[in-house]
Amino acid sequence: MAKITVILGAQWGDEGKGKLVDILAKDFSVIGRATGGANAGHTVVVDGKKYVFHLLPSGMLHESTVCVIGNGVVIHLETMFEELSVLKAAGIKLEGRLLISDRASLLFDYHKVIDGLQEERKGDKKVGTTKRGIGPCYMDKIARSGLRVCDLVDFETFEKKYREQVARAEQMYGFTYENAEEELKKMKEWRPTVLEMMRPTAVFLHEAREAGKAILVEGANGAMLDIDHGTYPFVTSSNATVGGVCTGLGLPPKALTEIIGIVKAYTTRVGAGPFPTELLDSVGDTIRNKGGEFGSTTGRPRRCGWFDGVQMKYSHMINQFDAINLTKLDVLSGLKEVKLCRAYMLDGKEITDFPTRLEDVERVQAIYDTFPGWEEELSGCKTFEELPDNAKSVVLAIESMVGVPVKYIGTGPARDQMLFR
Ligand code: GDP
Ligand code: IMO
Ligand code: MG
């Protein structure tokens, strides 16, 4: 059986998943997205040109791959087609390269309206969602009333179900949705293309696996945004940890051969919610500016903080990483010192388990190990050995804190700015 490698965000998202997917893609025949939707923003920089993927797998730039949007994903078709047109304009061959699951949920514009309303009504308890309609679409799925890609086969029934859904949403949320006819018209136009791409993708993946084709899974969001294991309720609405890969693509756990955690050398978070190592001072600003920490999907400034070993050990416990890709080490160049959180203090006690209650995560105080910084820029380093000694020490400390080998180290956004160890 062929290898199946999984790339997962190990923190609060935006760790640099897209970049590693793009780097590894050439060795894989199939690349799949399992969960989330266009809340994801995965950046790939090739020859100075930046591509941001929201729904399409970041492997689309490699013409030898077939890309799959799995059953666990919530698909906003317009976003998908917009992304395809960007790739087409860039001259990428697309024919037959994108398959979408017949079981995937369809996300409509009214889900985005509801997302906005829910946030508004939460007042100062806002999650700070991406307003991409993710939560409301997964709500419909779990309530067993959502529409799926396969519903497009019979458009008459689709139309009926769609109108029922809109009426239900209007009644429930007290708004009038003006866009229904327009949206239905677009659905009808897109339908033939969607049906050409539609497959029972779980079957496709099993056949590919049996035929010895290597499969790469591109995780979305991050472990701490997982609906079950993250900092609930400040999370997304799907399983961003390894379990989501199995349900979201129909792959059995034992088929997964390698799990790679993507980890920033510091921590960022967009949106609201507790963040024990957050830096609210000028060091945080320096990291944000140097690291270009502004959301790939919403442009919001990302909150920045030190690396959090307690959070990372928890993330490793849930995902069991075989290797880590430590990203953005270059961003720490020029800092006087670098801190790594090794434990939390809660009610006068030192703890190393990530607390469940939001109120506790909000109250913990991070305990740090402090390392001397380095001045040198890292973008020119080609091997681990070439890194400044102080940077090496930070990498080794992270490795021993989490207990997982750091196999890849990011030294800049470009494809060739990655050290292999
Ligand atoms: P993703 O959602 O996990 O794919 O990550 P994003 O694309 O949202 O955010 C990561 C950002 O960091 C992007 O702008 C990447 O181009 C950039 N990036 C990735 N790896 C590195 C790295 O090692 N160094 C630097 N400086 N930037 C990186
Ligand atoms: P990638 O794949 C960072 C965050 C949002 C918000 C919360 C819920 O690029 O790493 P949602 O729109 O999903 O209902 O928002 O989750 N969030 C992300 N933060 N990276 C992401 O994806 C995210 N996807 C969702 O900011 O706090
Ligand atoms: Mg992102």
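The values are calculated or read from the model by the stated rules, or taken from the named source; none is laboratory data. Everything numeric in this text was worked out from a predicted model, so none of it was measured. Neighbour counts run over all protein chains shown; Cβ positions are idealised from the backbone, glycine included. The accessibility values were calculated without ligands, DNA or RNA, using every heavy atom of the protein model including side chains. Shrake-Rupley method; radii C 1.70, N 1.55, O 1.52, S 1.80 Å.
If you take the residues in the range 300-330 that are part of a strand (DSSP E or B) and open to solvent by 40 Å² or more (accessible area, probe 1.4 Å), which one is farthest from ligand 2 (Cβ to nearest atom)?
The residue in question is P301.
Go through the range 121-135 and give me each residue that's on the phi < 0 side of the Ramachandran plot and near ligand 2 (Cβ under 6 Å from one of its atoms).
At the first step, the residues of the range 121-135 found to be on the phi < 0 side of the Ramachandran plot are 121-122, 124-127, 129-130, 132, 134-135.
V127, T129, T130, R132, I134, G135, listed by residue number.
Do you know which residues across the range 77-102 are open to solvent by 20 Å² or more (accessible area, probe 1.4 Å) and in contact with a strand residue (DSSP E or B) (Cβ under 6 Å, 6 or more places away or on another chain)?
Residue satisfying the conditions is D102 alone.
When S393 is evaluated against the numbered criteria (1) without any contact (Cβ under 8 Å) to a residue 40 or more places away in the chain; (2) within 30 Å of R132 (Cβ to Cβ); (3) of a type outside the set (F, W, Y); (4) open to solvent by 30 Å² or more (accessible area, probe 1.4 Å), which criterion, by number, is the only one it fails?
It is condition (2) that S393 fails.
With respect to L61, is the statement that it is within 16 Å of ligand 1 (Cβ to nearest atom) and more than 30 Å from A272 (Cα to Cα) true? First the steps, then the outcome.
Working: within 16 Å of ligand 1 (Cβ to nearest atom): yes; more than 30 Å from A272 (Cα to Cα): yes.
Judged against the criteria, L61 is a match.
T130 is checked against (1) open to solvent by 20 Å² or more (accessible area, probe 1.4 Å); (2) hydroxyl-bearing (S, T, Y); (3) in contact with a strand residue (DSSP E or B) (Cβ under 8 Å, 6 or more places away or on another chain) and fails just one. What number does that condition carry?
The single condition T130 does not satisfy is (3).
Could you check the range 1-103 for strands (runs of 3 or more DSSP E) lying wholly inside it with 2 or more residues that are within 13 Å of ligand 3 (Cβ to nearest atom) and closer than 29 Å to D115 by Cα?
4-9, 42-46, 49-53
Take the range 206-257 and flag every residue that is over 29 Å from L358 (Cβ atoms) and hydroxyl-bearing (S, T, Y).
T257 - this is the single residue of the range 206-257 that is over 29 Å from L358 (Cβ atoms) and hydroxyl-bearing (S, T, Y).
Output the qualifying pairs, or none if there are none: Cβ atoms under 6 angstrom, residues six or more apart or on different chains, first residue in the range 7-24 and in contact (Cβ under 8 Å) with a residue 40 or more places away in the chain, second residue within 9 Å of ligand 1 (Cβ to nearest atom) and among the acidic types (D, E).
These pairs meet every condition: I7/E218; G9/E15; V21/E218.
Test each condition in (1) in contact (Cβ under 8 Å) with a residue 24 or more places away in the chain; (2) closer than 19 Å to G128 by Cβ; (3) within 16 Å of ligand 1 (Cβ to nearest atom) for R288 and report the one that comes out false.
R288 satisfies all of (1) in contact (Cβ under 8 Å) with a residue 24 or more places away in the chain; (2) closer than 19 Å to G128 by Cβ; (3) within 16 Å of ligand 1 (Cβ to nearest atom) except (1).
Could you say whether any residue in the range 265-272 is over 18 Å from the mean Cα position of the chain (by Cα), touching a residue at least 40 places away in the same chain (Cβ under 8 Å) and more than 26 Å from A38 (Cβ to Cβ)? Give the derivation first.
First, pick out the residues of the range 265-272 that are over 18 Å from the mean Cα position of the chain (by Cα): none.
No, the conditions are met nowhere in the range 265-272.
Starting from residues that are farther than 22 Å from T286 by Cβ and in contact (Cβ under 8 Å) with a residue 60 or more places away in the chain, keep the ones in the range 331-364 and report whichever is most open to solvent (accessible area, probe 1.4 Å). It would help to see each step written out before you state the result.
Looking only at the range 331-364, we keep the residues that are farther than 22 Å from T286 by Cβ, and these are 342-364.
Filter once more, keeping what is in contact (Cβ under 8 Å) with a residue 60 or more places away in the chain: 344, 358, 361-362, 364.
Working: Y344: 0, L358: 32, V361: 4, E362: 113, V364: 12 Å².
Among them, the one singled out is E362.
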